[in-house]
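These notes are about the structure you will find just below.
The values are calculated or read from the model by the stated rules, or taken from the named source; none is laboratory data. Nothing here was measured: the structure is a model prediction, and the numbers come from that model. Cβ placement follows ideal geometry from the backbone for every residue including glycine, while neighbour counts extend to all protein chains displayed.
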Amino acid sequence: MMDTNNKQRTIGLLSVKPMIIMALLGAMAVVLMLFEVPLWFAPSFYELDFSEVPVLIGAFALGPVAGAVIEMIKILANLVITGTDTVGVGELANFLIGCSFVVPAAIVYYRKKTFKNAVIGMIVGTASMVVLGGFMNAFVLLPAYAYFFNMPVDVLIGMGTKVNPSIKNMSTFIFFAVIPFNLLKGVAVSLITLLVYKRISGVIKSIVGVK
């Protein structure tokens, strides 16, 4: 019975109205990516944005699959608009990190759609993003940026040291810049989503005809 329901939801996402909603939420996420807030504890290439808010709203309203689709729309649209410095490696990593937040959160919420489950889902999603974000930055993102910009990784770490003396090597970069960054982002996005979700989700659900 559970598999049938999931199949029906997936098929439903392929209809016109849900696809339009996902495209609109993806477009909103791209716009929000343009408004970045610099952070005092991390180098300038780590800036906080709230582009995951519409992605998480879509994931809660339409399901985890929709969340992944909206995240992909956001990444691909941003790739078209701004291009890439890492031949798509950075964009792929950002897609995976974004999904590591919204997909687990939506899975937990979809089991039972209550406020408590929404909060638990956001906590699980934030923890997942912190872990995967640290791993991806250490082994994919930072090495990729260093490679494509033709500079040692130590140069990037040094940029972190200038703003945060606690950063001395890759491990401290992850613990004192990347982890706090993803933790702050997860908390901020979660709080904003909790404030606006009820109003926006009602509109989405009425349009696509889901409960």
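The selection criterion, being part of a helix (DSSP H, G or I), in contact (Cβ under 8 Å) with a residue 60 or more places away in the chain and either out of contact with any Pro (no Cβ under 8 Å at 6 or more places or on another chain) or more than 30 Å from Thr172 (Cα to Cα) (or both), holds for Met122.
Regarding the stretch 123-140, can at least one residue be identified that is farther than 20 Å from Ala93 by Cα and either at pLDDT 90 or above or of a type in the set (Lys, Arg) (or both)?
Yes, the stretch 123-140 contains a residue that is farther than 20 Å from Ala93 by Cα and either at pLDDT 90 or above or of a type in the set (Lys, Arg) (or both).
Checked against the criterion of being touching a Ser or Thr at 6+ places or on another chain (Cβ under 6 Å) and closer than 19 Å to Ala42 by Cα, the candidates Leu142, Leu184, Leu132 yield just one match: Leu132.
Comparison of Val130, Val187 shows that the only residue that is surrounded by fewer than 16 Cβ atoms within 10 Å (Cβ to Cβ), among the β-branched types (Val, Ile, Thr) and under 23 Å from the mean Cα position of the chain (by Cα) is Val187. If you check Ala146 against the conditions, is it more than 15 Å from the chain's Cα centre (by Cα) and more than 24 Å from Met19 (Cα to Cα)? Against the criterion (more than 15 Å from the chain's Cα centre (by Cα) and more than 24 Å from Met19 (Cα to Cα)), Ala146 qualifies. A single member of Pro143, Pro180 is modelled with pLDDT of 95 or more, surrounded by fewer than 19 Cβ atoms within 10 Å (Cβ to Cβ) and not aliphatic (A, V, I, L, M), and it is Pro180. Screening the stretch 1-110 for helices (runs of 4 or more DSSP H) wholly inside it with 2 or more residues that are modelled with pLDDT of 90 or more, more than 26 Å from Tyr147 (Cβ to Cβ) and of a type outside the set (Val, Ile, Thr) returns the ranges 16-33, 52-62, 64-82. Selection over the stretch 141-170 of residues that are farther than 22 Å from Val89 by Cα, part of a loop (DSSP other than H, G, I, E, B), touching a helix residue (DSSP H, G or I) at 6+ places or on another chain (Cβ under 9 Å) and without any contact (Cβ under 8 Å) to a residue 60 or more places away in the chain gives a count of 4.
Can you spot a residue in the stretch 186-194 that is without any contact (Cβ under 8 Å) to a residue 40 or more places away in the chain and under 27 Å from Met19 (Cβ atoms)? The answer is no; no qualifying residue exists. Note on the stretch 49-69: among residues that are of a type in the set (Val, Ile, Thr) and over 10 Å from the mean Cα position of the chain (by Cα), the one that is surrounded by the most Cβ atoms within 10 Å (Cβ to Cβ) is Ile57.
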